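The values are calculated or read from the model by the stated rules, or taken from the named source; none is laboratory data. Values in this document were obtained by computation on a predicted structure and should not be read as measured data. Every residue, glycine among them, receives a Cβ derived from its backbone with ideal geometry; neighbour counts consider all protein chains shown. Ligands, DNA and RNA are excluded from the accessible area calculation, which covers all protein heavy atoms including side chains. Shrake-Rupley method; radii C 1.70, N 1.55, O 1.52, S 1.80 Å.
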Amino acid sequence: MAGASHFHVEELFSVDTGLFADGVEWCPIPSFQQYLACALYQLNEAEPDSNNGTKVSVNNTRKGGIKLFKAELQNSKTAAVERLHLTELDYREMSGVLDIKWCQHSLNGSPVLAAVDAEGFINLYQLSETQNAVKLLPLNSLNINEDCIALSVDWSTGLTERLVYYSDSPHLIVSDSRGKISLCHFHNGSELKSVQEWHAHGFEAWIAAFNYWQPDIVLTGGDDCRLKVWDTRTDCTSPVIVSKRHSMGVCSLHSNRHHEHFFVSGSYDETILVWDTRQMKSPLFDANVGGGVWRLKWHPDKESNFLLGACMHNGFHILDTTAMLGSENCKKKFESVFQYQGHSSLAYGVDWCRLDVNNFPACPEYVVETNLGRNAKKTNIVASCSFYDHLLKVWLLEER
(Lines give C-alpha, C1' and ligand atoms only; values in the text may rest on other atoms or scores of the structure.)
Protein backbone atom coordinates (compact mmCIF):
# COMPACT_ATOMS: atom_id res chain seq x y z
CA MET A 1 0.00 0.00 0.00
CA ALA A 2 1.23 3.44 -0.90
CA GLY A 3 -0.24 6.82 -1.44
CA ALA A 4 -0.54 10.48 -0.56
CA SER A 5 -0.02 11.36 3.10
CA HIS A 6 -3.60 12.57 3.62
CA PHE A 7 -5.02 9.15 2.81
CA HIS A 8 -5.00 6.18 5.13
CA VAL A 9 -6.07 2.63 4.29
CA GLU A 10 -7.13 -0.08 6.69
CA GLU A 11 -7.75 -3.58 5.40
CA LEU A 12 -11.00 -4.84 6.91
CA PHE A 13 -11.46 -8.30 5.44
CA SER A 14 -9.84 -10.75 3.04
CA VAL A 15 -11.21 -14.03 1.67
CA ASP A 16 -9.96 -16.68 -0.73
CA THR A 17 -12.57 -17.01 -3.49
CA GLY A 18 -11.37 -20.45 -4.62
CA LEU A 19 -11.56 -19.79 -8.34
CA PHE A 20 -9.93 -16.79 -10.03
CA ALA A 21 -11.80 -13.56 -9.22
CA ASP A 22 -12.40 -10.92 -11.89
CA GLY A 23 -15.32 -8.74 -10.77
CA VAL A 24 -16.94 -7.28 -7.65
CA GLU A 25 -20.14 -5.25 -7.34
CA TRP A 26 -21.77 -3.82 -4.22
CA CYS A 27 -25.55 -3.71 -4.45
CA PRO A 28 -26.53 -0.05 -5.03
CA ILE A 29 -30.11 -0.29 -3.75
CA PRO A 30 -30.99 1.11 -0.30
CA SER A 31 -31.66 -1.61 2.31
CA PHE A 32 -29.51 -4.03 0.29
CA GLN A 33 -26.20 -2.15 0.14
CA GLN A 34 -24.48 -4.56 2.54
CA TYR A 35 -24.58 -7.27 -0.16
CA LEU A 36 -21.58 -7.87 -2.39
CA ALA A 37 -21.37 -10.07 -5.51
CA CYS A 38 -18.08 -11.49 -6.78
CA ALA A 39 -17.57 -12.94 -10.28
CA LEU A 40 -15.32 -15.97 -10.82
CA TYR A 41 -13.68 -17.17 -14.03
CA GLN A 42 -11.17 -19.96 -14.52
CA LEU A 43 -9.88 -21.60 -17.69
CA ASN A 44 -9.17 -25.31 -17.30
CA GLU A 45 -6.74 -26.37 -19.98
CA ALA A 46 -6.83 -29.85 -21.49
CA GLU A 47 -5.12 -32.47 -19.35
CA PRO A 48 -1.88 -34.14 -20.58
CA ASP A 49 -2.33 -37.52 -22.22
CA SER A 50 -1.20 -40.26 -19.79
CA ASN A 51 0.51 -42.27 -22.56
CA ASN A 52 2.95 -39.83 -24.12
CA GLY A 53 2.66 -36.65 -22.06
CA THR A 54 1.08 -34.61 -24.85
CA LYS A 55 -2.22 -32.87 -24.46
CA VAL A 56 -5.37 -34.69 -25.45
CA SER A 57 -7.44 -33.18 -28.25
CA VAL A 58 -10.32 -31.81 -26.21
CA ASN A 59 -11.55 -28.26 -25.88
CA ASN A 60 -10.43 -26.16 -22.94
CA THR A 61 -13.25 -25.63 -20.49
CA ARG A 62 -14.15 -22.55 -18.50
CA LYS A 63 -15.80 -22.70 -15.13
CA GLY A 64 -16.84 -20.07 -12.66
CA GLY A 65 -19.84 -18.55 -11.00
CA ILE A 66 -21.05 -15.81 -8.66
CA LYS A 67 -20.54 -15.65 -4.91
CA LEU A 68 -22.88 -13.54 -2.82
CA PHE A 69 -21.60 -12.07 0.44
CA LYS A 70 -23.10 -10.04 3.25
CA ALA A 71 -20.94 -7.48 5.05
CA GLU A 72 -21.53 -6.97 8.78
CA LEU A 73 -19.69 -5.34 11.66
CA GLN A 74 -18.49 -7.63 14.39
CA ASN A 75 -16.00 -7.68 17.23
CA SER A 76 -12.78 -9.56 16.78
CA LYS A 77 -12.56 -12.74 18.86
CA THR A 78 -9.01 -11.83 19.87
CA ALA A 79 -9.40 -8.14 20.67
CA ALA A 80 -12.03 -5.51 21.33
CA VAL A 81 -11.68 -4.18 17.80
CA GLU A 82 -14.47 -3.90 15.28
CA ARG A 83 -14.03 -5.26 11.81
CA LEU A 84 -16.15 -5.72 8.74
CA HIS A 85 -16.87 -9.41 8.24
CA LEU A 86 -18.00 -11.00 4.98
CA THR A 87 -20.29 -14.01 5.20
CA GLU A 88 -20.78 -16.09 2.07
CA LEU A 89 -24.51 -16.58 1.53
CA ASP A 90 -24.85 -18.20 -1.87
CA TYR A 91 -22.86 -19.55 -4.80
CA ARG A 92 -24.22 -19.87 -8.32
CA GLU A 93 -21.99 -22.12 -10.40
CA MET A 94 -21.90 -21.63 -14.17
CA SER A 95 -19.47 -21.15 -16.99
CA GLY A 96 -16.78 -18.54 -16.29
CA VAL A 97 -18.28 -15.13 -15.53
CA LEU A 98 -16.61 -12.16 -17.22
CA ASP A 99 -18.71 -9.29 -15.86
CA ILE A 100 -21.54 -8.56 -13.41
CA LYS A 101 -23.72 -5.50 -12.83
CA TRP A 102 -26.66 -4.76 -10.50
CA CYS A 103 -29.63 -2.89 -11.89
CA GLN A 104 -29.53 0.47 -10.08
CA HIS A 105 -33.11 0.12 -8.87
CA SER A 106 -35.32 -2.78 -7.79
CA LEU A 107 -37.31 -4.76 -10.32
CA ASN A 108 -40.49 -6.36 -8.98
CA GLY A 109 -39.42 -5.15 -5.55
CA SER A 110 -36.06 -6.96 -5.52
CA PRO A 111 -32.48 -6.26 -6.62
CA VAL A 112 -31.52 -7.92 -9.92
CA LEU A 113 -27.98 -8.87 -10.91
CA ALA A 114 -26.87 -9.39 -14.52
CA ALA A 115 -23.94 -11.70 -15.30
CA VAL A 116 -22.35 -12.55 -18.66
CA ASP A 117 -20.45 -15.80 -19.13
CA ALA A 118 -18.01 -17.73 -21.28
CA GLU A 119 -20.79 -19.59 -23.12
CA GLY A 120 -22.25 -16.38 -24.52
CA PHE A 121 -25.15 -16.04 -22.07
CA ILE A 122 -26.51 -13.07 -20.20
CA ASN A 123 -28.03 -14.35 -16.95
CA LEU A 124 -30.33 -12.44 -14.59
CA TYR A 125 -30.60 -13.27 -10.88
CA GLN A 126 -33.05 -11.91 -8.35
CA LEU A 127 -31.81 -11.35 -4.82
CA SER A 128 -34.24 -13.11 -2.48
CA GLU A 129 -34.07 -12.14 1.20
CA THR A 130 -36.08 -14.26 3.63
CA GLN A 131 -35.87 -15.09 7.34
CA ASN A 132 -34.11 -18.35 6.55
CA ALA A 133 -31.76 -17.47 3.71
CA VAL A 134 -30.55 -14.91 1.20
CA LYS A 135 -30.00 -16.27 -2.29
CA LEU A 136 -29.57 -15.32 -5.92
CA LEU A 137 -32.53 -16.93 -7.69
CA PRO A 138 -32.33 -17.44 -11.48
CA LEU A 139 -34.72 -15.06 -13.20
CA ASN A 140 -33.92 -15.50 -16.90
CA SER A 141 -31.08 -16.10 -19.32
CA LEU A 142 -30.44 -15.42 -22.98
CA ASN A 143 -27.75 -16.69 -25.34
CA ILE A 144 -26.64 -13.58 -27.19
CA ASN A 145 -24.25 -15.36 -29.55
CA GLU A 146 -23.32 -19.00 -30.09
CA ASP A 147 -19.66 -19.97 -29.93
CA CYS A 148 -18.50 -16.78 -28.25
CA ILE A 149 -17.66 -15.37 -24.84
CA ALA A 150 -19.88 -12.60 -23.47
CA LEU A 151 -17.41 -10.03 -22.12
CA SER A 152 -19.28 -7.13 -20.51
CA VAL A 153 -22.73 -5.95 -19.49
CA ASP A 154 -24.33 -2.66 -18.45
CA TRP A 155 -27.83 -1.46 -17.49
CA SER A 156 -29.52 1.66 -18.86
CA THR A 157 -30.56 2.63 -15.32
CA GLY A 158 -27.55 4.72 -14.27
CA LEU A 159 -29.66 7.77 -13.42
CA THR A 160 -32.19 5.99 -11.23
CA GLU A 161 -32.14 8.81 -8.69
CA ARG A 162 -33.66 11.07 -11.36
CA LEU A 163 -37.16 9.61 -11.50
CA VAL A 164 -37.63 10.52 -15.14
CA TYR A 165 -35.10 7.76 -15.95
CA TYR A 166 -36.68 5.09 -13.76
CA SER A 167 -37.98 2.15 -15.80
CA ASP A 168 -39.54 -1.20 -14.97
CA SER A 169 -38.49 -2.26 -18.48
CA PRO A 170 -34.81 -1.29 -18.70
CA HIS A 171 -32.33 -2.19 -21.41
CA LEU A 172 -29.01 -3.99 -21.09
CA ILE A 173 -26.03 -3.87 -23.42
CA VAL A 174 -23.69 -6.85 -23.89
CA SER A 175 -20.39 -7.12 -25.76
CA ASP A 176 -18.72 -10.34 -26.88
CA SER A 177 -15.50 -11.92 -28.10
CA ARG A 178 -16.55 -11.80 -31.76
CA GLY A 179 -16.83 -8.00 -31.67
CA LYS A 180 -20.62 -7.98 -31.57
CA ILE A 181 -22.87 -5.79 -29.43
CA SER A 182 -26.33 -6.92 -28.30
CA LEU A 183 -29.01 -4.57 -26.98
CA CYS A 184 -31.41 -6.50 -24.76
CA HIS A 185 -34.76 -5.57 -23.22
CA PHE A 186 -36.06 -6.69 -19.82
CA HIS A 187 -39.86 -6.51 -19.59
CA ASN A 188 -43.00 -8.07 -18.09
CA GLY A 189 -41.19 -8.70 -14.83
CA SER A 190 -38.93 -11.49 -16.05
CA GLU A 191 -38.75 -11.64 -19.87
CA LEU A 192 -35.46 -10.93 -21.59
CA LYS A 193 -34.99 -10.59 -25.33
CA SER A 194 -32.44 -9.22 -27.77
CA VAL A 195 -33.84 -6.27 -29.71
CA GLN A 196 -30.80 -5.14 -31.72
CA GLU A 197 -27.43 -6.61 -32.68
CA TRP A 198 -24.53 -5.25 -34.67
CA HIS A 199 -20.88 -5.93 -35.41
CA ALA A 200 -18.89 -3.18 -33.68
CA HIS A 201 -15.22 -4.21 -33.55
CA GLY A 202 -12.82 -6.29 -35.60
CA PHE A 203 -11.61 -8.21 -32.57
CA GLU A 204 -12.93 -8.69 -29.02
CA ALA A 205 -15.41 -6.03 -27.93
CA TRP A 206 -14.06 -5.80 -24.39
CA ILE A 207 -16.55 -3.28 -23.07
CA ALA A 208 -19.97 -1.76 -23.78
CA ALA A 209 -21.66 0.90 -21.66
CA PHE A 210 -24.61 3.28 -21.80
CA ASN A 211 -24.46 7.04 -21.77
CA TYR A 212 -26.64 7.22 -18.66
CA TRP A 213 -27.89 10.69 -19.55
CA GLN A 214 -29.01 9.55 -22.98
CA PRO A 215 -29.53 5.76 -22.90
CA ASP A 216 -30.09 5.57 -26.66
CA ILE A 217 -26.36 6.28 -26.94
CA VAL A 218 -23.98 3.35 -26.40
CA LEU A 219 -20.22 3.46 -25.91
CA THR A 220 -18.05 0.50 -26.94
CA GLY A 221 -14.36 -0.40 -26.85
CA GLY A 222 -12.48 -3.21 -28.51
CA ASP A 223 -9.18 -4.97 -29.02
CA ASP A 224 -8.90 -3.06 -32.31
CA CYS A 225 -7.87 -0.02 -30.20
CA ARG A 226 -11.07 1.80 -31.10
CA LEU A 227 -13.53 3.64 -28.89
CA LYS A 228 -16.87 3.99 -30.67
CA VAL A 229 -20.13 5.80 -30.02
CA TRP A 230 -23.42 4.40 -31.36
CA ASP A 231 -26.99 5.68 -31.60
CA THR A 232 -29.38 2.74 -31.14
CA ARG A 233 -32.22 4.73 -32.72
CA THR A 234 -30.45 3.92 -35.99
CA ASP A 235 -29.62 0.50 -37.43
CA CYS A 236 -26.04 0.87 -36.11
CA THR A 237 -24.47 0.00 -39.44
CA SER A 238 -21.89 2.69 -38.67
CA PRO A 239 -20.84 4.46 -35.47
CA VAL A 240 -21.57 8.10 -34.77
CA ILE A 241 -18.01 8.65 -33.55
CA VAL A 242 -14.77 6.64 -33.78
CA SER A 243 -11.74 7.53 -31.67
CA LYS A 244 -8.25 6.12 -32.23
CA ARG A 245 -6.79 7.95 -29.23
CA HIS A 246 -5.96 4.73 -27.33
CA SER A 247 -2.96 2.83 -28.70
CA MET A 248 -4.08 -0.60 -27.41
CA GLY A 249 -7.33 -2.40 -26.67
CA VAL A 250 -10.05 -0.37 -24.92
CA CYS A 251 -11.19 -2.32 -21.84
CA SER A 252 -13.23 0.04 -19.68
CA LEU A 253 -15.90 2.74 -20.11
CA HIS A 254 -18.05 4.46 -17.50
CA SER A 255 -20.50 7.36 -17.82
CA ASN A 256 -20.59 9.90 -14.99
CA ARG A 257 -24.04 9.89 -13.37
CA HIS A 258 -23.57 13.31 -11.73
CA HIS A 259 -21.96 15.31 -14.55
CA GLU A 260 -23.92 15.01 -17.75
CA HIS A 261 -21.30 15.23 -20.46
CA PHE A 262 -18.41 13.29 -18.98
CA PHE A 263 -17.27 9.69 -19.30
CA VAL A 264 -13.96 7.86 -18.89
CA SER A 265 -12.18 5.20 -20.90
CA GLY A 266 -9.37 2.84 -19.92
CA SER A 267 -7.08 0.69 -22.03
CA TYR A 268 -4.32 -1.89 -22.10
CA ASP A 269 -2.11 1.09 -23.02
CA GLU A 270 -2.13 1.98 -19.28
CA THR A 271 -3.94 5.29 -19.75
CA ILE A 272 -7.23 6.67 -18.47
CA LEU A 273 -8.90 9.31 -20.63
CA VAL A 274 -11.62 11.75 -19.56
CA TRP A 275 -14.02 12.69 -22.36
CA ASP A 276 -16.61 15.41 -22.92
CA THR A 277 -19.39 14.23 -25.24
CA ARG A 278 -19.78 17.77 -26.61
CA GLN A 279 -16.32 17.66 -28.19
CA MET A 280 -14.94 14.23 -28.95
CA LYS A 281 -11.99 15.19 -31.16
CA SER A 282 -9.64 14.64 -28.25
CA PRO A 283 -9.95 13.79 -24.56
CA LEU A 284 -10.02 16.55 -21.95
CA PHE A 285 -7.46 14.86 -19.69
CA ASP A 286 -5.31 11.76 -19.57
CA ALA A 287 -3.42 9.89 -16.87
CA ASN A 288 -0.93 7.04 -17.05
CA VAL A 289 -1.45 4.58 -14.21
CA GLY A 290 1.24 2.05 -15.06
CA GLY A 291 -1.03 -0.92 -15.74
CA GLY A 292 -3.73 -1.94 -18.17
CA VAL A 293 -7.04 -0.41 -17.06
CA TRP A 294 -9.64 -3.17 -16.76
CA ARG A 295 -12.38 -1.37 -14.81
CA LEU A 296 -13.22 2.24 -13.95
CA LYS A 297 -15.87 3.36 -11.43
CA TRP A 298 -16.92 6.93 -10.71
CA HIS A 299 -17.77 7.49 -7.05
CA PRO A 300 -21.54 7.01 -6.52
CA ASP A 301 -21.98 10.14 -4.34
CA LYS A 302 -22.56 13.51 -5.94
CA GLU A 303 -20.29 15.16 -3.37
CA SER A 304 -17.27 13.10 -4.41
CA ASN A 305 -15.37 13.24 -7.67
CA PHE A 306 -13.08 10.30 -6.99
CA LEU A 307 -12.52 7.84 -9.80
CA LEU A 308 -11.57 4.26 -8.96
CA GLY A 309 -9.54 2.11 -11.32
CA ALA A 310 -8.54 -1.56 -11.42
CA CYS A 311 -5.20 -1.38 -13.23
CA MET A 312 -4.26 -5.03 -13.80
CA HIS A 313 -0.47 -5.08 -13.34
CA ASN A 314 -0.30 -2.01 -11.11
CA GLY A 315 -2.93 -2.40 -8.42
CA PHE A 316 -5.89 -0.16 -7.72
CA HIS A 317 -5.82 3.60 -8.20
CA ILE A 318 -7.92 6.50 -7.00
CA LEU A 319 -7.88 9.65 -9.10
CA ASP A 320 -9.33 13.00 -8.04
CA THR A 321 -11.31 14.71 -10.81
CA THR A 322 -12.68 17.60 -8.71
CA ALA A 323 -10.71 20.30 -10.49
CA MET A 324 -11.50 19.18 -14.02
CA LEU A 325 -15.19 18.62 -13.42
CA GLY A 326 -15.51 21.91 -11.58
CA SER A 327 -14.10 24.00 -14.40
CA GLU A 328 -13.97 23.30 -18.10
CA ASN A 329 -10.90 25.54 -18.41
CA CYS A 330 -8.96 23.99 -15.54
CA LYS A 331 -5.43 22.91 -16.51
CA LYS A 332 -4.65 21.00 -13.33
CA LYS A 333 -2.89 17.72 -13.98
CA PHE A 334 -5.05 14.61 -13.87
CA GLU A 335 -3.21 11.96 -11.86
CA SER A 336 -3.54 9.21 -9.31
CA VAL A 337 -3.76 10.49 -5.72
CA PHE A 338 -3.71 7.07 -4.05
CA GLN A 339 -2.62 3.56 -4.97
CA TYR A 340 -3.67 0.39 -3.16
CA GLN A 341 -1.26 -2.53 -3.58
CA GLY A 342 -2.87 -5.01 -1.21
CA HIS A 343 -3.07 -7.71 -3.91
CA SER A 344 -0.26 -9.72 -5.50
CA SER A 345 -1.99 -10.63 -8.76
CA LEU A 346 -3.88 -9.02 -11.63
CA ALA A 347 -6.17 -6.24 -10.37
CA TYR A 348 -9.47 -6.89 -12.16
CA GLY A 349 -12.51 -6.09 -10.02
CA VAL A 350 -13.21 -3.05 -7.87
CA ASP A 351 -16.23 -1.11 -6.59
CA TRP A 352 -17.34 1.55 -4.12
CA CYS A 353 -19.76 0.62 -1.35
CA ARG A 354 -22.70 2.99 -0.90
CA LEU A 355 -22.82 2.47 2.87
CA ASP A 356 -20.79 4.51 5.31
CA VAL A 357 -18.62 2.39 7.57
CA ASN A 358 -20.82 3.17 10.60
CA ASN A 359 -24.04 2.20 8.83
CA PHE A 360 -23.34 -1.47 8.25
CA PRO A 361 -25.60 -3.84 10.17
CA ALA A 362 -24.05 -5.59 13.16
CA CYS A 363 -23.95 -9.35 13.52
CA PRO A 364 -26.88 -10.25 15.80
CA GLU A 365 -24.66 -11.83 18.45
CA TYR A 366 -22.59 -8.67 18.87
CA VAL A 367 -23.27 -5.18 20.18
CA VAL A 368 -20.96 -2.95 18.18
CA GLU A 369 -19.93 0.65 18.67
CA THR A 370 -17.39 1.05 15.93
CA ASN A 371 -14.32 3.26 16.07
CA LEU A 372 -13.58 2.81 12.39
CA GLY A 373 -13.12 6.05 10.52
CA ARG A 374 -13.55 8.32 13.53
CA ASN A 375 -10.34 10.22 12.81
CA ALA A 376 -11.21 10.80 9.16
CA LYS A 377 -12.88 13.69 7.40
CA LYS A 378 -14.34 11.28 4.87
CA THR A 379 -14.43 7.49 4.67
CA ASN A 380 -15.06 5.11 1.81
CA ILE A 381 -15.45 1.35 1.76
CA VAL A 382 -13.97 -0.35 -1.30
CA ALA A 383 -14.04 -3.99 -2.42
CA SER A 384 -11.35 -5.29 -4.75
CA CYS A 385 -10.44 -8.67 -6.21
CA SER A 386 -7.47 -10.15 -8.01
CA PHE A 387 -7.12 -13.02 -10.43
CA TYR A 388 -4.48 -15.71 -9.97
CA ASP A 389 -4.29 -15.37 -6.18
CA HIS A 390 -8.13 -15.52 -6.08
CA LEU A 391 -8.48 -12.92 -3.35
CA LEU A 392 -11.38 -10.67 -2.44
CA LYS A 393 -10.59 -7.79 -0.08
CA VAL A 394 -12.60 -5.05 1.59
CA TRP A 395 -10.74 -1.94 2.72
CA LEU A 396 -11.48 1.35 4.39
CA LEU A 397 -10.11 4.48 2.70
CA GLU A 398 -9.87 7.43 5.09
CA GLU A 399 -9.31 10.95 3.87
CA ARG A 400 -7.60 12.93 6.61
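Observations on the model:
Residues checked against (1) open to solvent by 40 Å² or more (accessible area, probe 1.4 Å); (2) closer than 22 Å to residue 157 by Cβ; (3) at pLDDT 95 or above; (4) among the basic types (Lys, Arg):
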| position | (1), (2), (3), (4) |
| --- | --- |
| 197 | yes, yes, yes, no |
| 205 | no, yes, yes, no |
| 229 | no, yes, yes, no |
| 235 | yes, no, yes, no |
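- For the criterion of being under 28 Å from residue 293 (Cα atoms) and touching an Asp or Glu at 6+ places or on another chain (Cβ under 9 Å), residue 202 passes.
- Here the stretch 370-397 is the region considered, the condition is being open to solvent by 10 Å² or more (accessible area, probe 1.4 Å) and part of a strand (DSSP E or B), and the residue that is modelled with the lowest pLDDT is 378.
- Check on residue 216, open to solvent by 20 Å² or more (accessible area, probe 1.4 Å) and closer than 12 Å to residue 156 by Cα: yes
- For the stretch 127-155, a tally of residues being part of a strand (DSSP E or B) and either open to solvent by 40 Å² or more (accessible area, probe 1.4 Å) or touching a residue at least 24 places away in the same chain (Cβ under 8 Å) (or both) returns 18.
- Residue, farthest from the chain's Cα centre (by Cα), within the stretch 240-257, restricted to residues that are closer than 20 Å to residue 151 by Cα and surrounded by 19 or more Cβ atoms within 10 Å (Cβ to Cβ): 246
- Among the candidates 260, 161, residue that is modelled with pLDDT under 95, surrounded by fewer than 19 Cβ atoms within 10 Å (Cβ to Cβ) and either touching a Phe, Trp or Tyr at 6+ places or on another chain (Cβ under 6 Å) or not in a loop (DSSP other than H, G, I, E, B) (or both): 260
- Residue within the stretch 84-94 that is free of Cβ contacts under 8 Å to residues at least 40 places away in the same chain and buried (at least 23 other Cβ atoms within 10 Å of the Cβ) present: no
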